[in-house]
1. Taking N as the number of residues in the chain, what value does Rg over Cα atoms divided by 2.2 N^0.38 Å take?
2. With angles folded into 0 to 90 degrees, how steeply does helix 14-26 sit against the dominant principal axis of the chain? Use alpha carbons for both and round to 10.
3. Using a 1.4 angstrom probe on the protein heavy atoms only, line up Y46, Y24 by accessible area, largest first.
4. If you put +1 on each Lys and Arg Cβ and -1 on each Asp and Glu Cβ, how big is the dipole of the chain around its Cα centre, in Debye rounded to 20?
5. Apply the Karplus parameterisation 6.51 cos²θ - 1.76 cosθ + 1.60, with θ equal to phi minus 60°, to every residue of the stretch 44-49 and state each ³J(HN,Hα) to the nearest whole Hz, in sequence, with x for glycine and proline.
6. Just to make sure I understand: if all protein chains stay in place, what is the order of L125, L134, L176 by accessible area at 1.4 Å, largest first?
7. At a threshold of 8 angstrom on Cα-Cα distance, excluding pairs fewer than six apart, so keeping six or more, what relative contact order does the chain reach in percent?
8. What residue among L93, V53, L129 has its Cα farthest toward the positive end of the dipole of the chain, where the charges are +1 on Lys, Arg and -1 on Asp, Glu, each on the Cβ?
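The values are calculated or read from the model by the stated rules, or taken from the named source; none is laboratory data. Note that the structure is a prediction, hence the values are computed from the model and not measured. Here the Cβ positions follow ideal geometry from the backbone for every residue, glycine too, while neighbour counts run over all protein chains shown. Remember, those area values only see protein heavy atoms, side chains included, never the ligands or the DNA or RNA. Shrake-Rupley method; radii C 1.70, N 1.55, O 1.52, S 1.80 Å.
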Amino acid sequence: ETSRCAIALDGSDAEARTMLARAYVFAGDFDAGIAESRRAVEINPYRAFSSNVLGNVLAATGHFEEGIPWIERAIQLNPLDPQNHLFLGHPALAHLGTDNHQKAVDLARDAIRRRPDFDEAHVLLASALGQLDLVDEAVGAIRHVQGAASEFVESRTFWARVTKECVLDGLRKAGLLD
């Protein structure tokens, strides 16, 4: 609601549009989230967070290939951002979806190195390792995450079904699903 009010006051506020995009995605309205994310980067193409949100929304909704350059752009725009573990977790998801499993492993490991308690990166790492048939490593990667891996994936309300299935497929191949 706050983002809508800010946009009503100033339709050229990229920050408000980015936050509204996130709200839409968390509410499950993926098309509106993508549209608001695109508007935000059109307004301010140099804002790393907006580029990251667009890339993440695209990856989270199964548009993996399209999301990668936006996430990479976000990292280029702000390579020292303290939230870069997120910027690395998101492309790990996108690369997992494009079957570039080794790249997903590398990015997830870098995200974990930057923030060891980033559960999403552990799940993505385990899934990518499962796709590479590195079962023992996948089991070790998921050990950090509290609860069942499938519950974690299903709790990602901001991931479309196609994205969840992509992650679950790797976990299944690693024997990590009940």
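1. Details: Rg = 16.1 Å, N = 178, 2.2 N^0.38 = 15.8 Å.
After normalising by residue count via 2.2 N^0.38 Å, the value is 1.02.
2. Computed tilt is about 40 degrees.
3. Y46, Y24
4. Numbers: 18 positive and 26 negative charges, 44 e Å.
Dipole magnitude for the chain comes out near 220 debye.
5. The phi angles translate into 9, x, 9, 9, 4, 4 Hz.
6. Details: L125 15, L134 65, L176 35 Å².
The ranking, largest first, comes out as L134, L176, L125.
7. Values: 301 pairs, mean separation 29.4, N = 178.
It comes to 16 percent, rounded to a whole number.
8. Farthest along the dipole direction, towards plus: V53.
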